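Undergrad: First, the structure itself, so that you have it in front of you.
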Amino acid sequence: MKFSDFLWILCFLIISWKLCLAAPAVFALSNWKDIYTAKEYLDKYYSNSGKLQISEMVAGSVSLSSKLKKMQQFFGLQVTGKLDYSTVSIMKKPRCGMPDVANYHLFPGEPKWEKKTLTYRIAKYTTSLSKLDVDRAVDMGLKAWSDAAPLNFVKANQGEADIMISFENGDHGDSYPFDGPRGTLAHAFAPGEGLGGDTHFDNAEKWSTGSNGFNLFTVAAHEFGHALGLGHSSDPSALMYPTYKYQHPIGFRLPNDDVKGIQTLYGSNVSGKELPTVPANNPNACDSNLSFDAVTGLGNELLFFKDRTFWRRQAYLANIRPSSIASSFPQLMANVDAAYEVADRGTAYFFKGPHYWVTRGLITQGSPRTIQDFGFPNHVQKIDAAVYLKNTKKTLFFVGDDFYSYDESRRIMEYDYPKSIDDEFSGVEGKVDAAVEVNGYIYFFSGPKAYKYDTEKEDVVNVVKSSSWIGC
């Protein structure tokens, strides 16, 4: 601790003690650590010492009481100018590294990009997540804004981009050092030259794709709001509220406060970007290399999923046509990883990343849940395929080269799993993309091939093109 900081705290304690005697019901100091936390917080987010054009510049010095009042007013607290417990509690929450002295929706001067197509590049990845998970979180974070405004984002793999994205540690050269786990999670700079638009994440955080640690999509979407020209909002329901609040990425839509802010800068989407019932760019059903993301029964139909599209097949092949996943399953939107149906319950399960949805027919039941409900170990964050076996009442989950067995009657994962797919399912080659049971046989889909597996013979008895299942 610097000597100047020590003197500040000593003086503050003396003054605070006197204030406490005068108004104990309003002013309540916790301890020296809270006082030091408050000083750092106010200096960082409510001072006039901004080094870059990322916040409103306040002329002259700002007293401690004035800073506290400004902070309390922003967060909707009782405006006392005194350091009470509610104020300290807000100060301790993980948050964005941008100051709160900007206007609620826009940066001073309303900086924005003068073009509607912006490039972005992930220059440094985190050690917490795979590159694929980071790419997905970034893409979904940008999509949240392009769904609300006429903006397009193009990924660059080298060179300079409008929005440079990186995971950094401590002092990383932009005059805004990170502080380690929790505290400041990330920061971004308003549109402009040089650092303008650049978005930095603290690599010391535990980043995740779910609700554990800090969800990368949640933080990225918030920071991209800054990179596009939005300041913080004082509306607690807004994505641009300063403190962290987990947001589920699938089916996410910007709250009204954020929509108003971004459309003030860039206008609105005339089309609204609603997906048509039949996608404009369907996968070619007769492509010899067609593969499926997931296959499941649903009532008296079989459903075949690929990217944003699915096909519905009844007993006969007549009139099989593609439909948009978003039109029938709006919460799923696209890219289903796995699916299966327990017909006796009239219930189907759909999996995307670390989450799953329960449906009855085409109606989604409730909010998404975590796949850990099934008893998977924590390192399993994605299911490749799933199939329910009617005779045994077991569901097999395929993850990489292994598979798990889940007892649907007892609702528990069987203890002696996972097991090797190669060891248990002779003749099935390649990664299992999808699986479904029909007439007592298990059909495994791997790339452009579908393997018909006889559970009694314990071997593959036929191999056909995957596309043959939808009429090709």
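Only the coordinates and a few stated rules stand behind these numbers; no lab work does. Not measured: the values here are computed from a predicted model. A quick note on method: Cβ atoms are made from the backbone with ideal geometry, for glycine too, and the neighbour counts reach across all protein chains shown.
Undergrad: Beyond a 29 Å Cα-Cα separation, which of these cross-linked pairs lie in this structure: 131/260; 131/431; 143/245?
TA: 131/260
Undergrad: Scan the range 357-462 for GluC sites (Glu not before Pro) in coil per DSSP, keeping those whose Cβ has at most 10 other Cβ atoms within 10 Å, and list them by number.
TA: When the GluC sites (Glu not before Pro) of the range 357-462 are filtered for loop state and at most 10 Cβ neighbours within 10 Å, 456 remain.
Undergrad: Here is a follow-up. Provide the gained length on full extension for the span residue 462 to residue 79, in nm with one decimal, where the gain is 0.36 nm per separating residue minus the Cα-Cα distance.
TA: So the chain would gain 130.4 nm between residue 462 and residue 79.
Undergrad: Moving to a separate point now. With each pseudo-label sitting 7 Å past Cα toward Cβ, what's the residue 363-residue 378 distance in nm, one decimal?
TA: 3.8 nm
Undergrad: May I pose another question? Order of 383-390, 83-90 by packing, highest average Cβ count within 10 Å first?
TA: Those peptides, ordered most packed to least, come out 383-390, 83-90.
Undergrad: Related question: What is the sum of charges, Lys and Arg at +1 and Asp and Glu at -1, for the other residues whose Cβ falls under 10 Å from the Cβ of residue 464?
TA: Here the count lands on +3.
Undergrad: Please give me the summed charge of the neighbours of residue 411: other residues whose Cβ is under 15 Å from its Cβ, Lys and Arg +1, Asp and Glu -1.
TA: 0
Undergrad: Using 7 Å Cα-to-Cβ label points, what is the residue 124/residue 155 separation (nm, one decimal)?
TA: Inter-label distance under the simple model: 2.1 nm.
Undergrad: Another question, then. Taking 25 Å as R0, compute the FRET efficiency from the Cβ-Cβ separation of residue 256 and residue 116 and round it to 0.05.
TA: 0.65
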